[in-house]
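**Q** For reference, the structure I am asking about is given below.
The values are calculated or read from the model by the stated rules, or taken from the named source; none is laboratory data. Every value quoted in this text rests on a predicted model; they were computed, and no experiment measured them. Cβ coordinates were reconstructed from backbone atoms using ideal geometry, including for glycine residues, and neighbour counts include every protein chain displayed.
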Amino acid sequence: MTKRLILILLFLPILASRSFSQDSSDDIALRKMVTEYGQAKVEILFPGTIAVNELSGIVSVSSVREKSIEIVLSPLTVEWFIQQKYRYKILKRPDSKSIVMAANIKQAMEWESYPTYTQYDSILQSFAALYPSLCRVDTIGTSIYGKLVLAVKISDNVNVDEDEPAVFYSSTIHGDETGGFILMLHLADYLLKSYNTSGRVKNMVDNLEIWINPLANPDGTYGTGNTIYSPVRENANGYDLNRNFPDPETPNTVKQKETLDMMKFMRKHRFVLSANFHAGSEVVNYPWDRWSRLHADDEWFYNISRKYADTVHLNAVAGYMTFKNDGVTNGYEWYKINGGRQDFMTYELQGREVTIELDNNYITPAANLPALWLYNWHSLLGYLENGLYGIHGMVSDAITGEPVPARIFINGHDKDSSQIYSDTLSGSFLRLIASGTWDLIFTAAGYINKKVENVVVVNGQKTDLDVKMEKSADTVKTSVLIISPNPVSEMMTVKLPERQTGRVNVAIYNSLGMKIVDYYEDTIEDIPIVIYVRNLASGAYSLVITNKETGVSDKGRFVIIRR
């Protein structure tokens with residue numbers, strides 16, 4: 001624990017004593033609630049932004065308001081919390097009577113109640129059976145208790161992996177945030193039923209590969225049973241899955257089975273656009289969650305988030321989704337988290353993901369499910385349509401016409417892994433970016449770098465780009481790591497030996513031999529990887545690249561100098 005956090009914890013009980021009181025009976029009640037129900041939610045007074053950011057790395061902070069914060073305690077964290085001697089208030093558990101379970105599949109598909117787990121499985125299978133040319137069911141993985149984590153793919157020619165942008169909706173990674181679960185089922189139903197009657201839906205289904213994962217944490221929602229009785233935020237092992245993804249600041253985060261399965265699924269499909277759905281507030285939250293600095297495409301992220309919230313406001317009752325900046329916030333500006341899926345998707349996979357908080361109630365009462373749909377369905381369609389816009393391009397060999405896997409970078413703009421790559425099989429790419437005029441640099445193995453200037457992007461429109469690259473006479477392969485620039489201050493590129501193609505581990509050691517950076521990256525032959533070192537202090541470091549499949553390592557040294 002840091003000295004700063006210790007001081008915060010010593011001060012907080014004095015601050016909180018003005019309105020919160022505590023004795024041993026409260027701790028007993030807290031332990032009992034966690035034992036009986038798997039979790040407990042408590043409220044403490046807002047201790048300041050620095051303290052909240054520190055706490056979010058230890059316990060699962062679920063909401064931050066102006067005067068208080070909510071914390072979800074599991075069997076893994078309750079004793080730590082009690083030992084800190086906080087002044088806290090135990091929050092009342094939601095009334096289980098609001099969780100109305102459907103009597104049968106027909107009733108469940110009216111979207112005014114919650115399905116049993118077996119009904120949920122049957123609903124997805126029925127989509128594929130009723131619309132075999134438009135829908136198929138895929139299994140992302142299994143939970144700790146053996147429940148399937150499922151997704152449906154909706155697209156014309158659904159059984160073919162077409163060269164179309166892949167987009168992804170996922171909900172209820174927190175098992176007790178239930179409204180998005182039904183919203184995603186309702187959306188899949190709507191898209192399939194409307195394909196032949198709505199030109200807008202048909203255009204989306206024909207030109208996108210739409211993936212929907214209604215329930216990312218089935219153990220949290222259903223436990224070991226078949227009905228929703230006492231859903232919890234965490235998975236069966238007590239871990240918050242939305243704090244469980246690796247990131248540059250917490251590369252050794254414990255990865256649960258559901259997290260590893262989801263990472264594999266997302267790496268396979270390389271979604272260009274995605275959103276994950278939560279509850280506890282009503283706001284659209286965009287990257288970064290872990291850094292105060294802004295994403296390179298902050299303007300674009302804000303615009304699509306603003307559009308989602310503004311469209312909601314046109315279709316909802318007054319006051320819905322108005323938290324923070326009238327329904328939109330930068331993640332870090334709200335409160336910092338590490339290990340979130342949003343930042344993992346955006347940083348490691350070069351996708352673009354936001355987090356959409358749908359309801360102030362964690363468990364949306366069944367009676368409110370129809371309203372939740374009416375408020376959001378226009379926005380859900382509009383968000384997916386962003387995958388139809390931006391720069392849609394193809395990179396190919398100028399002589400043979402064969403596809404070229406290339407790195408696409410905007411100099412002076414891209415940072416923090418915001419660059420993209422063309423598809424290794426087709427050469428296609430999609431660069432989602434704000435309106436303006438942009439210069440793109442294309443780098444590929446065995447080809448001369450190419451700069452395409454003055455590419456015009458207009459919001460809500462598609463820009464087509466056909467890029468032809470010429471082969472380079474220099475085809476010399478490197479047998480060592482080539483680090484440039486060296487010394488470095490913020491960002492360096494590393495050209496890898498041919499043997500390091502594929503999935504590699506990137507590790508950085510300081511001068512004392514301590515590993516301070518540790519993460520995985522997918523590499524393409526002869527295309528340098530980019531490593532950001534702005535968070536590291538000045539000094540000498542060792543870089544070790546290890547091929548995950550072969551175990552072969554290559555080493556290099558570099559120096560960081562701060563100007």
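**Q** When segment 257-277 is examined, which residues are found to be surrounded by fewer than 23 Cβ atoms within 10 Å (Cβ to Cβ), out of contact with any Pro (no Cβ under 9 Å at 6 or more places or on another chain) and not acidic (Asp, Glu)?
**A** 257, 260, 264, 265, 267, 268, 269, 270
**Q** Among 499, 562, 557, 503, which is the only one that is basic (Lys, Arg), in contact with a helix residue (DSSP H, G or I) (Cβ under 9 Å, 6 or more places away or on another chain) and on the phi < 0 side of the Ramachandran plot?
**A** Residue meeting the stated conditions: 503.
**Q** Of (1) touching a Gly at 6+ places or on another chain (Cβ under 6 Å); (2) closer than 23 Å to residue 217 by Cβ, residue 260 satisfies all except one. Which?
**A** Among (1) touching a Gly at 6+ places or on another chain (Cβ under 6 Å); (2) closer than 23 Å to residue 217 by Cβ, the lone unmet condition for residue 260 is (1).
Residue-by-condition table, conditions (1) farther than 22 Å from residue 424 by Cα; (2) not aromatic (Phe, Trp, Tyr):
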| site | (1), (2) |
| --- | --- |
| 460 | yes, yes |
| 494 | no, yes |
| 502 | no, yes |
| 513 | yes, yes |
| 520 | no, no |
| 530 | no, yes |
| 535 | yes, yes |
| 544 | yes, yes |
| 552 | yes, yes |
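**Q** Now, a different point. Answer yes or no: is there a residue in segment 52-69 that is more than 29 Å from residue 253 (Cβ to Cβ), assigned by TED's automatic domain parsing to the domain that holds residue 188, in contact with a strand residue (DSSP E or B) (Cβ under 8 Å, 6 or more places away or on another chain) and not β-branched (Val, Ile, Thr). Quick ask: steps written out before the conclusion?
**A** Within segment 52-69, the subset more than 29 Å from residue 253 (Cβ to Cβ) is 66-67.
Okay, now just the ones that are also assigned by TED's automatic domain parsing to the domain that holds residue 188, so none.
The answer is no; no qualifying residue exists.
**Q** Inside segment 240-249, can you point out the residues that are crowded, with 18+ Cβ neighbours inside 10 Å and out of contact with any strand residue (DSSP E or B) (no Cβ under 9 Å at 6 or more places or on another chain)?
**A** Matches in segment 240-249: 241, 244, 245.
Per-residue answers, yes or no, for (1) among the aliphatic types (A, V, I, L, M); (2) touching a residue at least 40 places away in the same chain (Cβ under 8 Å):
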residue: 67; (1), (2): no, no
residue: 80; (1), (2): no, no
residue: 83; (1), (2): no, no
residue: 91; (1), (2): yes, yes
residue: 97; (1), (2): no, no
residue: 106; (1), (2): no, no
residue: 111; (1), (2): no, yes
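**Q** Which of the residues that make up segment 236-252 are more than 17 Å from the chain's Cα centre (by Cα) and under 19 Å from residue 171 (Cβ atoms)?
**A** Listed by number, the list holds a single entry, 236.
**Q** Across segment 118-134, what is the total count of residues that are under 13 Å from residue 102 (Cβ atoms), crowded, with 19+ Cβ neighbours inside 10 Å and touching a residue at least 60 places away in the same chain (Cβ under 8 Å)?
**A** Total meeting the criteria: 2.
**Q** If you don't mind, there's one more thing I want to ask. Kindly establish whether residue 332 is farther than 23 Å from residue 172 by Cα and assigned to a helix (DSSP H, G or I).
**A** In short, no.
**Q** Continuing with the same structure: Here is a list: 486, 459. Which entry is under 21 Å from residue 351 (Cβ atoms), in contact (Cβ under 8 Å) with a residue 40 or more places away in the chain and either of a type in the set (S, T, N, Q) or surrounded by fewer than 16 Cβ atoms within 10 Å (Cβ to Cβ) (or both)? Talk me through it step by step, then tell me what you get.
**A** Working: 486 fails: under 21 Å from residue 351 (Cβ atoms).
Going through 486, 459 in turn, the sole match is 459.
**Q** Additional query: Which one of the conditions (1) in a loop (DSSP other than H, G, I, E, B); (2) polar (S, T, N, Q); (3) surrounded by 12 or more Cβ atoms within 10 Å (Cβ to Cβ) does residue 511 fail to meet, given that it meets all the rest?
**A** (3)
**Q** Is there a residue being buried (at least 20 other Cβ atoms within 10 Å of the Cβ), at pLDDT 95 or above, in contact with a strand residue (DSSP E or B) (Cβ under 6 Å, 6 or more places away or on another chain) and not assigned by TED's automatic domain parsing to the domain that holds residue 50 anywhere in segment 285-294?
**A** For segment 285-294, residues buried (at least 20 other Cβ atoms within 10 Å of the Cβ), at pLDDT 95 or above, in contact with a strand residue (DSSP E or B) (Cβ under 6 Å, 6 or more places away or on another chain) and not assigned by TED's automatic domain parsing to the domain that holds residue 50: present.
**Q** Under 9 Å by Cβ, and 6 or more places apart or on different chains, what pairs join a residue from segment 432-450 that is free of Cβ contacts under 8 Å to residues at least 60 places away in the same chain with one that is of a type in the set (Asp, Glu) and in a strand (DSSP E or B)?
**A** Qualifying pairs under 9 Å: 437/453; 438/453; 439/453; 440/453; 447/397.
**Q** Just checking, how many residues over segment 230-265 are closer than 21 Å to residue 417 by Cα and in a loop (DSSP other than H, G, I, E, B)?
**A** 10
**Q** So which of 434, 398, 371 is surrounded by fewer than 20 Cβ atoms within 10 Å (Cβ to Cβ) and closer than 30 Å to residue 101 by Cα?
**A** On the way: 434 fails: closer than 30 Å to residue 101 by Cα; 398 fails: closer than 30 Å to residue 101 by Cα.
Of 434, 398, 371, the one residue that is surrounded by fewer than 20 Cβ atoms within 10 Å (Cβ to Cβ) and closer than 30 Å to residue 101 by Cα is 371.
**Q** Anything in segment 479-527 that is among the small types (Gly, Ala, Ser) and over 22 Å from residue 270 (Cα atoms)? List them, or say none.
**A** Answer for segment 479-527, where residues must be among the small types (Gly, Ala, Ser) and over 22 Å from residue 270 (Cα atoms): 479, 484, 489, 507, 511, 513.
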